[in-house]
1. Across region 218-234, what is the total count of residues that are open to solvent by 30 Å² or more (accessible area, probe 1.4 Å), more than 15 Å from the chain's Cα centre (by Cα) and on the phi < 0 side of the Ramachandran plot?
2. If Val237 satisfies all but one of (1) over 16 Å from the mean Cα position of the chain (by Cα); (2) crowded, with 16+ Cβ neighbours inside 10 Å, what's the number of the condition it fails?
3. For region 192-199, check the following and say yes or no: at least one residue is surrounded by 19 or more Cβ atoms within 10 Å (Cβ to Cβ) and part of a strand (DSSP E or B).
4. Can you tell me which residue is surrounded by the most Cβ atoms within 10 Å (Cβ to Cβ) among those in region 104-157 that are free of Cβ contacts under 8 Å to residues at least 12 places away in the same chain and not hydroxyl-bearing (Ser, Thr, Tyr)?
5. When the residues of region 20-47 are filtered to those that are closer than 16 Å to Phe103 by Cα and touching a Ser or Thr at 6+ places or on another chain (Cβ under 6 Å), which remaining residue is most open to solvent (accessible area, probe 1.4 Å)?
6. May I ask you to list the residues in region 174-185 that are part of a strand (DSSP E or B) and either within 15 Å of Gln249 (Cβ to Cβ) or aliphatic (A, V, I, L, M) (or both)?
7. Limited to region 142-166, what total is found for residues that are under 21 Å from Lys87 (Cα atoms) and assigned to a strand (DSSP E or B)?
8. Being of a type in the set (Asp, Glu) and assigned to a loop (DSSP other than H, G, I, E, B) is the filter here; which residues of region 41-82 pass it?
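The values are calculated or read from the model by the stated rules, or taken from the named source; none is laboratory data. Everything quoted here is computed from the prediction, not taken from an experiment. Note: ideal-geometry Cβ built from the backbone for every residue, glycine included; neighbour counts use all protein chains shown. When the accessible area is computed, the model is the full protein with side chains, heavy atoms only, and any ligands, DNA or RNA have been set aside. Shrake-Rupley method; radii C 1.70, N 1.55, O 1.52, S 1.80 Å.
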Amino acid sequence: MGFKQMVGGVLLLLAGTAASAGATGIEAAVGVWNQSPRGSIAYQGTSLDLKNELKYGDETRLTGRVKIETPLFFPNLYLMATPMEFKEQGSKSIPFTFGNQTFTANVPFTSKLKLDHYDLGLYWGIPLLKTATVNTVNVDFGINARLVDLKAEVVQGGVSDAKTLTVPVPMLYAGVQVKPLSWLAGEGEARGMVYGKDQYFDLVARGKLILFDHVFAAAGYRYEKLKIDESNVKADVNFGGPFGEVGFQF
């Protein structure tokens, strides 16, 4: 079974579990995120700078998310998919190694970096906070399992090497929602983990405008930082940029 098929199966299982438990609310949104890359990556060799040597620029990718609220005592579910891919022609002023290959200095090469990731979150709201604030403030805490589908590749003439890696990342989750008006809301989300030398943080700030009935539009800023040393891959990268989305909630 492939990685994406496995993720799809897990999402269907979780959605089915929520439905059988009797979901009390649902929110779904699709949008675009302008991803600006920074940092460096190495595979069994020389560190390569994403911006100055690989020449990666901003990319705008589709994103999607679903939140499912369940009855009291059941965990709420948060599902999210974030495609991320960069491909460009770069150069380096000195010879470098990537995997088992050595590449020539000052000769253009093509590289590709894919960091698609999928989140499966379980969270609970602070009991009675929403009621006490007359549906104005809500705070959530939980756990988040992220699967990172990483592929890095360098090609220079007839010389090439690539690395494919699937990394499971357990994370903590916290979210806050503030709704001062019936048509306006502000939200913040934080996911993160630190384990040895590995670090992963994902921060989201979102402003939401209720357009009509149950339809909303939102805009905000998202920032991710990833630092890993796994299976001969060393990455210290970050991605930030504005996003926009539309969705519905019941």
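1. Residues of region 218-234 that are open to solvent by 30 Å² or more (accessible area, probe 1.4 Å), as a first pass: 219, 221, 223, 225, 227, 229-232, 234.
From what is left, the residues that are more than 15 Å from the chain's Cα centre (by Cα) are 219, 229-232, 234.
Those still in the list that are on the phi < 0 side of the Ramachandran plot too: 219, 229-230, 234.
Adding up the residues that qualify gives 4.
2. The single condition Val237 does not satisfy is (1).
3. No: region 192-199 contains no residue that is surrounded by 19 or more Cβ atoms within 10 Å (Cβ to Cβ) and part of a strand (DSSP E or B).
4. Lys130
5. Looking at residues that are closer than 16 Å to Phe103 by Cα and touching a Ser or Thr at 6+ places or on another chain (Cβ under 6 Å), I get Ser47.
6. Step one: filter region 174-185 for residues part of a strand (DSSP E or B), giving 174-181, 184-185.
The answer is Ala174, Gly175, Val176, Gln177, Val178, Lys179, Leu181, Leu184, Ala185.
7. Selection size over region 142-166: 17.
8. Quick first cut of region 41-82, residues of a type in the set (Asp, Glu) only: 49, 53, 58-59, 69.
Residues satisfying the conditions are Glu53, Asp58.
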